[in-house]
Amino acid sequence: MSQYNDLLNKKAVALHYDETKDAAPVIVASGMGYVAEKIVEIANDNGVPVLEDNSLATVLTQLELGSEIPEELYQTIVDIYAYFLKFVPTEPPEGQSAEVQESSEEAVSDTANG
């Protein structure tokens, strides 16, 4: 039953930021349990960097899908984006280059017990 409880406690959020049309990063996927696992799996399969942060994932999963992150989280998200600017996937997804794209995406997840 422990594996089941571990799965239920997982949280994940995917953010998207397009500086030409968004004032702040937008929540494009959010979920708990199996959905969280799928968000992280899809991110990994597509070379999207994943950050594990339980407290941030908890806060972001409480926001509505499609909403911009609140101003209080700007600095935290900026720090994450700055960290990911140095991210280079070890193996780019099939048919894609390892370049950092102008439109950034990231997944924030909690894979530890919450």
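Bear in mind these aren't lab numbers, they're just calculated from the coordinates by the rules spelled out. Keep in mind that what you see is a predicted model, and the values were worked out from it rather than measured.
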Scalar couplings 3J(HN,Hα) for the range 8-21 by Karplus 6.51 cos²θ - 1.76 cosθ + 1.60 (θ = phi - 60°), nearest whole Hz, x for Gly and Pro, are 5, 7, 6, 9, 8, 9, 10, 10, 9, 9, 10, 4, 7, 9
Kindly write out, for the range 58-73 in residue order, the coupling ³J(HN,Hα) from the Karplus curve 6.51 cos²θ - 1.76 cosθ + 1.60 (θ = phi - 60°), rounded to whole Hz, with x marking Gly and Pro.
4, 5, 5, 5, 7, 8, 6, 4, x, 8, 6, 5, x, 3, 4, 9
Whichever lysines have a C-alpha closer than 20 Å to that of residue 10, once near sequence neighbours (fewer than 8 apart) are set aside:
38
Report, to two decimal places, the Cα Rg of the range 1-85 normalised by 2.2 N^0.38 Å (N = number of residues).
1.10
